[in-house]
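Everything below concerns the one structure shown next.
The values are calculated or read from the model by the stated rules, or taken from the named source; none is laboratory data. Just so we're clear, the structure is a prediction, and the values are computed from it rather than from any experiment. When we count neighbours, we look across all protein chains shown, and the Cβ atoms used for this are built from the backbone with ideal geometry, even at glycine. Note: accessible area is taken over every heavy atom of the protein model, side chains too, but ligands, DNA and RNA are not part of it. Shrake-Rupley method; radii C 1.70, N 1.55, O 1.52, S 1.80 Å.
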Amino acid sequence: MTVILAVDDDPAIGHLLNEILSAFGYKSTTVANSATEALRLIASGAVSPDVILLDIQMPEMDGIELCRRIRAIPKHSKTPIVMLTAMAEKSYVEDAFLAGATDYVTKPFDPMALVSRVRVAAMLAEEQKKASQVAVSPSSARTVEHADFAHPFVIDEIPGVVAANVLCNFIEQMRRIERMGLVAFAINVPQSAQICARVTRAQYESFVTDLAAEIMEVLVSARAFIAHMGRGTFVAVAPKSRVPDRGTIIDSLRAAINDPDRVYSDGTRDVLDVELGQFVSPALISRESGAELLERAVAKLNRLDLATNRSTLNVA
Amino acid sequence: MWRERQEARDVSMKAQSMMELESALKRVAEDFRRGLRERLEVLERNEEALVFGELTEEGIREVQQHSHRIRGLAAMVGYPKLSALGEKVEQEFSDAMKSGSSRERLVEVLSALVDEIQDTLEASP
């Protein structure tokens, strides 16, 4: 049974959420009327939520700060958090995702749409539970395994680096506010495949996490969000007006990821290259989803590979 | 055969959920209308204070809080106009706190919200 914690300072909204969720089978919903009450419920173990719904605008501590504090609790560093708010301004959406929100629903909301978002969040929570069980199982601990090169993994604790599904949600929200203001592009490090093949899973994940941190350093002033897509590829999404030109991005990324101080324990180091896909914007006429935009950004990178006769995304 | 039975069960569960949702929304709407009387009193008191130039910061906060809550819930329980007016009041009073707005404008939007609440309550069963 999915345990849900809903936090809203308006008891009427709390009541509404409880009623809607209950009607669709989510019978274990606890409502807290303040951030303090929510933190107390979590800290005391009275509620151990699989999915958290947060209002943003609350007195004393707002939902964005509450989201940040929940993320700081190790047990809930990955628990899906859906922001549920009347605040549709761009800065609120950005702040919510930077604080670690998984999704963002604007009030007034359609009950069916809310239930479908909660369902997605509950599925994500279930997948995370299964993944953590696999990670601690004795059979997986005995063998030194390599990372699955094609499979993206979630990179934690770097502001602006989010899971691909969160980036899709971010795109959807920003499109509602600022229709043509976004641009997406893929970034690939071609040497990733060879590195993945020769190191352990933990080492490869550490390598990709370092890459993510360097990419964010370069793109932080563009207010970008990035997601790891697997295969040594990231997709970045940022407001068009803030993104530097392609040449600047490539030069800055090459310099950042080839820091001469970064060497392996045996003193060697890899010289890394960077490939940048064409910039793509959300299609004007068709109702293109966030996922479709990300796919298009990655496809532009693939086309770049064909044009230059280099294989990047499927290097054996 | 199993699949057909499963599909029939899914349809039946969905229909049941929709019926439960409908009655849940009715209950929430009733609660909302009951709460509106108290909100009306608070907003009318602050409207009067605003007209006479006696609105305090505490009064502004009350108006913001109540209009915010009306905005959030009204549209979901069948009162989109009330929600839109709540949003307007919340926005105008928020702007007034930051950069100042004309008193006439604040009176205008607050009165419109108060009138709409009165109409809603009069039309309520």
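Checking the condition in a helix (DSSP H, G or I), within 14 Å of chain A (Cβ to nearest Cβ) and crowded, with 16+ Cβ neighbours inside 10 Å, which residue from B:VAL28, B:VAL63 passes?
Going through B:VAL28, B:VAL63 in turn, the sole match is B:VAL28.
Restricting to the range A:72-108, name every residue that is among the aliphatic types (A, V, I, L, M), open to solvent by less than 20 Å² (accessible area, probe 1.4 Å) and more than 14 Å from chain B (Cβ to nearest Cβ).
Passing the criteria: A:ILE81, A:VAL82, A:VAL93, A:ALA96, A:ALA99, A:ALA101.
Which number in (1) within 14 Å of A:ALA86 (Cα to Cα); (2) facing chain A (nearest Cβ under 10 Å); (3) open to solvent by 80 Å² or more (accessible area, probe 1.4 Å) marks the one condition that B:MET76 misses?
(3)
Looking only at the range A:251-263, count every residue that is touching a residue at least 24 places away in the same chain (Cβ under 8 Å), open to solvent by 30 Å² or more (accessible area, probe 1.4 Å) and assigned to a helix (DSSP H, G or I) and tell me the total.
Looking only at that region, the number is 1.
Filter the range B:91-110 down to the residues that are surrounded by 13 or more Cβ atoms within 10 Å (Cβ to Cβ) and among the hydroxyl-bearing types (Ser, Thr, Tyr) and list them by number.
Across the range B:91-110, the qualifying residues are B:SER94, B:SER101.
Which residue is most open to solvent (accessible area, probe 1.4 Å), if the candidates are limited to the range A:180-231 and must be free of Cβ contacts under 8 Å to residues at least 24 places away in the same chain and closer than 21 Å to A:ILE158 by Cα?
Selected residue: A:GLN203.
Given the structure, is B:LEU113 crowded, with 19+ Cβ neighbours inside 10 Å and at pLDDT 90 or above?
Yes: the conditions hold for B:LEU113.
Kindly indicate which of A:ASP103, A:ASP62 is of a type in the set (D, E, K, R) and either modelled with pLDDT under 90 or within 30 Å of B:GLN16 (Cα to Cα) (or both).
On the way: A:ASP62 fails: either modelled with pLDDT under 90 or within 30 Å of B:GLN16 (Cα to Cα) (or both).
Answer to the selection: A:ASP103.
From B:GLU22, B:GLU57, which residue is more than 9 Å from every other protein chain (Cβ to nearest Cβ) and surrounded by fewer than 19 Cβ atoms within 10 Å (Cβ to Cβ)?
B:GLU57
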